[in-house]
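Down below is the structure, laid out as structure tokens.
The numbers here are math on the coordinates, done by the rules we state, and not lab data. This structure is a prediction, so every number in the text was calculated from the model and none was measured. Cβ placement follows ideal geometry from the backbone for every residue including glycine, while neighbour counts extend to all protein chains displayed.
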Amino acid sequence: MHRAVAEIASPPSMLSMYHPLPGAFDELLGAGERLRATVEAMLADGSSEEFARTQALAEAALLNQGVTFSVYSDSRGVEKIFPVCLLPRIISAVEWSRLERGLQQRVLALEAFVTDVYADQRILETGAIPREVVLGSAQYLPALRGIRPPAGVRIHVSGIDLIRDGAGVFRVLEDNLRTPSGVSYVLENRLLSKRLLARAFAAARVRPVNQYPARLAAALRSVSPVSPEETTLVVLTPGPYNSAYFEHSFLARQMGVELVEAADLFVDDDRLFVHTIRGPKRVHVVYRRTDDAFLDPEVFRPDSMLGVRGLLRAWARGNVALANAPGNGVADDKGVYPFVPEMIRFYLGEEPLLEQVPTYRCARAEDRAYVLEHLAELVVKVVDEAGGYGMLMGPTSTAEERAEFRRRILAEPRRYIAQPRVELSTCPTWVPQGQCIAPRRVDFRPYVLNSATGPWVLPGGLTRVALREGSYVVNSSQGGGSKDTWVLKGEG
Amino acid sequence: MISRVADHCFWMGRYLERVESTSRVLRVTSSLVLDAILPPEQVWTSALAVSGEEKPFAERHGAAAVGDGFRVTEFLTWDPDVPSSLARSLQAARENARSIREVVSLEAWEAINELHVWLNDGSGRREWAVRPDAFYRQVRTGTQLILGAVEHTMLHDNAFDFIMLGVFLERVGQTARILDVHHHALMQLPPDLVREETLWLSLLRACAGFEPFMKRKAGRVTPGEVATFLILEQRFPRSLVFCLQEADQRLASIRSPGDEAFPPLRCQARLAALATFLASRRVPDEDLHALLTRVVDETAAICGELHEELFQAPQRAWSNGRVERPRAEA
């Protein structure tokens, strides 16, 4: 009796109007009982006006704190906030432990692969991966062969992009083993959740993420050529006009280390120093957020003023650790991606725990023929482009675009791969225009730290969401936003 | 401490002080002009002269516009092409702070950023158009909040020393110029006006010195007393002597006098010499314009030395091939 009265008295829940997309897995409705109850409780006692206010508070907080990324289109460098939707993406403890094991396995195999490629190249001898796929990659740097980095670690920080298909299966979309970004948003989004959704957050029992900077500092110090206590660790940034500058300064601040630019550094006698007001000071570990090409003009771009002359010699001599190591791009090349399951079998003697997306390599005649015949159904990607650029989205493409890609694929087949378009899973997302909640597509980037003692996965990660209706593109440069990701603690 | 970071700290301090000083001068001038005995042209010319923008203003708006308070305040507040405009100075302070986000405390950064957002999203501009007095007050309190957060939430290490060094050296220049410009203008007046107290009081207000002066001098407002106070008062935090001594202490904390591994700095010696020289002057009897010009020029020279010795010199000396480095740490 009482219950019925309450139902009549309160406004209809925002979720009662929520209709998932056909064909896509919905992170809320496809989830277990406990998880659904959490979100329903969060939304049940709030009207959409209240939620809109909370959402506005979150955006104002980000703007006031200068949690922004720079947009290059303007010469003065306009700063924008990375839009955030407060409705979290939730991952159960059981699901997470499966993911965690799969991610550790994958990073161990990739680490073994890069090490092998720059040493004996055993995997190429067996034919498990075609020789030309690896040695022909623009990301393979022959000059680095024979160099063993300090403590033998190369993939100190990785971000593995996962998507969830129509059946709810997590699949690896791509690996980011060079300078993966976004972890600062994970930590900032979490602060917003705790501040603005305190009750729901407490009820959900979520695993913390704020240990990341300390873990990162420890992992970086663990590969230092000197003892961790004597180690000077710095973060290297291209500078305040880089789009990810906020994150560079954020990590330096959170780790309590100095943020440097290339002009602050110099190499003498194969050792790295930073200019201080008291003169040069030795540096042992560099968490660099600059691309390989801008590390050392001696090796990469003789004409470039950017970078630190002699840095790679210092690294090769074992006098400074670079995180991540140069040359890692050979392992996250999209042309190499189809072979990661083979790497796992070859180096670890295990079956892969994480699924991938089926991939056609245009370098193979058979695959190429299939791709050219099915361009309208496939997503075609350039192997060495990132950020969602240089792609053909077959299902939404025009005939001219397809003709153009056909021409490009035939000209340089090695540069292209194709995949079926995966129906990315959806998550209830706040839509400011309609003042309502609607399904929007998401992906997921967990972060893995690797050190001398093995890989560790941050229990959380960056959920990116395509805010535009019907969009599959989650990149911040193209209308994407983010969500906090709540990894739940186990039962009892 | 990284040389580039020291440089950014110093300039962040300088620009913040400039914002605060400019907001105070414009607020005081806007108030003075309402009931001053002087023609508005003269009042606004002084405000332009303090910022060194007399000529650029005349070139932009014509010399006749100098009596137009709206034009002058808009020029000194918003003009993106005026290097010393309030908006440009705050922009520069924030750019410097943003370049050293890992050094500035979160609370100090938020205070800078909130003032920046307010000034740039239209709300500051609306306030300025409707209630200029409230606008300048808000800029001033916003800057004070930033410097308060810097002092009370940051480590008092070398980064803090460089920020405060920038604040005090900028303040030396500001106080010296405000005093020089006004003193010069007021002494040109007919004798019966020279002693007009409201003018000298507004000079004190432009340096936040009204109440401290009254307390110290028990209400004896004479041109000589005002000048002596702004130059020599040991306990007034905006007097020249006070600022120079504070700056000297910051440098001593950056390089302690007994530090063998850190060669003595020319800028330090020069700063100490200027403080000593000034403290020995008998102000009312001096040629004030000559004295203040010397302070302004010498302070600029000290900043140049700082730049060469601490912010830039290492880059030049060490970046070209191998050189002997007596100061290298392990």
Next on the checklist: Once the cut-off is 27 Å, how many percent of the Cα-Cα pairs in the stretch B:1-153 end up in the long-distance tail?
Outcome noted: 25
Item to check | Charge dipole of the protein assembly as shown about the Cα centre (unit charges at C-beta), most positive-ward option of B:230, A:363, A:338 | outcome: A:338
Checklist entry - Which whole-number percent of Cα pairs in the stretch A:214-319 have a distance greater than 17 Å? => result 53
Checklist outcome for this item: Spelling it out for residue A:279: with amide H atoms placed in the peptide plane at 1.01 Å from N, the residues 5 or more places away or on another chain with amide H under 5 Å from its amide H are none
Checklist outcome for this item: Most fluctuating of B:254, B:163, B:112 in the GNM of chain B (C-alpha, under 10 Å) is B:254
Checklist entry - When the Kirkwood hydrodynamic radius is evaluated over all pairs of different C-alpha atoms of the protein assembly as shown, what value in angstrom, to one decimal, is obtained? => result 30.3
Checklist outcome for this item: Cα extents of chain A along the principal axes, largest first, in whole Å, come to 82, 61, 50
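Find the percent of Cα-Cα distances in the stretch A:92-224 that exceed 24 Å, and round it to a whole number.
Everything past 24 Å amounts to 47 percent.
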Item to check | Peptide ranges A:219-228, A:283-292, A:20-29 listed from the most packed, as the mean C-beta count within 10 angstrom indicates | outcome: A:283-292, A:219-228, A:20-29
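Could you work out, residue by residue across B:113-119, how many beta carbons of other chains sit within 10 Å of that residue's beta carbon, and then give the average as an integer? Let's see the in-between values first.
Numbers: counts 7, 5, 0, 2, 4, 1, 0.
Counting Cβ atoms of other protein chains within 10 Å of each residue's Cβ and averaging gives 3.
Please list the three semi-axes, largest first and in whole Å, of the ellipsoid equivalent to the stretch B:195-263, using sqrt of 5 times the eigenvalues of its alpha carbon gyration tensor. Working shown, then result.
On the way: eigenvalues 237, 17, 15 Å².
Computed over the stretch B:195-263, the values are 34, 9, 9 Å.
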Checklist entry - Just for chain A, what percent of DSSP beta bridges are antiparallel, to the closest 5? => result 75
Next on the checklist: Can you compute the radius of gyration and Dmax for the stretch A:359-421, using only the Cα atoms, both in Å?
Outcome noted: 10.2, 28
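Run lengths n ≥ 4 of DSSP H only: what is the helix-derived mean residue ellipticity at 222 nm for chain A, with -39500 (n - 2.57) per run over all residues, to the nearest 500?
Numbers: 15 runs with 150 residues, N = 492.
The helix contribution divided over chain A gives -9000 deg cm²/dmol.
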Checklist entry - Relative to the first principal axis of the alpha-carbon coordinates of chain B, what is the inclination of helix B:266-279, with its axis defined by its Cα atoms, in degrees from 0 to 90 and to the nearest 10? => result 40
Checklist outcome for this item: Answer in debye to the nearest 20: the dipole magnitude of the stretch A:359-421 about its Cα centre, from +1 Lys/Arg and -1 Asp/Glu charges placed on Cβ, is 140
Item to check | Residue-wise HN-Hα coupling along the stretch B:138-144, computed from phi with Karplus coefficients 6.51, -1.76, 1.60 (Hz; x: Gly, Pro) | outcome: 5, 5, 5, 5, x, 5, 5
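Once you average over the residues of A:409-416, how many Cβ atoms of partner chains fall within 10 Å of each Cβ?
Working: counts 0, 0, 0, 0, 0, 0, 0, 0.
Going residue by residue through A:409-416 and averaging, the value is 0.
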Next on the checklist: Once each part is reduced to its C-alpha centroid, what is the distance from the stretch A:196-253 to the stretch A:327-395 in angstrom?
Outcome noted: 31
Checklist entry - Considering amide H positions built from the backbone, and no H for Pro or chain starts, which residues 5 or more places from residue A:321, or on another chain, come under 5 Å of its amide H? => result A:285, A:286
Next on the checklist: If amide hydrogens are placed 1.01 Å from N in the peptide plane, which non-local residues have theirs closer than 5 Å to the one on residue A:463?
Outcome noted: A:445, A:483, A:485
Item to check | Per-residue ³J(HN,Hα) for the stretch A:336-347, Karplus 6.51 cos²θ - 1.76 cosθ + 1.60, θ = phi - 60°, Hz, x for Gly and Pro | outcome: 8, 3, x, 9, 4, x, 5, 4, 4, 5, 5, 8
Item to check | Förster radius 56 Å - calculated FRET efficiency between residue A:211 and residue B:198 (Cβ-Cβ, nearest 0.05) | outcome: 0.35
Item to check | Peptide A:265-275, shielding by other chains (average Cβ, 10 Å cutoff) | outcome: 4
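If you take the Cα atoms of the stretch B:167-313, find Rg, then find the Kirkwood Rh from the mean of 1/r over all pairs, what is Rg/Rh? Each step should come with its number before you reach the end.
Working: Rg = 16.8 Å, Rh = 16.2 Å.
My calculation of the ratio gives 1.04.
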Item to check | Folded to 0 to 90 degrees: helix A:183-196 orientation relative to chain A principal axis, Cα | outcome: 30
Next on the checklist: Output the 0 to 90 degree angle, nearest 10, between the alpha-carbon long axis of helix B:240-254 and the longest principal axis computed from the alpha carbons of chain B.
Outcome noted: 10
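Volume per residue, Å³, of the convex hull around the alpha-carbon atoms of chain B? All intermediate terms of the calculation are to be shown ahead of the outcome.
Working: hull volume 49.7 nm³, N = 330.
About 151 Å³ per residue, rounded to a whole number.
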Checklist entry - Under the Karplus relation 6.51 cos²θ - 1.76 cosθ + 1.60, θ = phi - 60°, what is the ordered set of whole-Hz ³J(HN,Hα) values for the stretch B:285-293, x standing for Gly and Pro? => result 8, 7, 6, 4, 4, 5, 5, 5, 4
Item to check | About the Cα centre, charge dipole magnitude for chain A (Lys/Arg +1, Asp/Glu -1 at Cβ), debye | outcome: 640
Next on the checklist: For a protection proxy built on the mean count of beta-carbon atoms within 10 angstrom, sort A:137-143, B:103-109 highest first, please.
Outcome noted: B:103-109, A:137-143
Item to check | Computed label-point distance, nm, for sites residue A:399 and residue A:53 using a 7 Å Cα→Cβ extension | outcome: 5.6
Checklist entry - Between B:254, B:300, B:84, whose Cα lies farthest towards the positive end of the dipole of chain B when Lys and Arg beta carbons carry +1 and Asp and Glu beta carbons carry -1, centred on the Cα centre? => result B:254
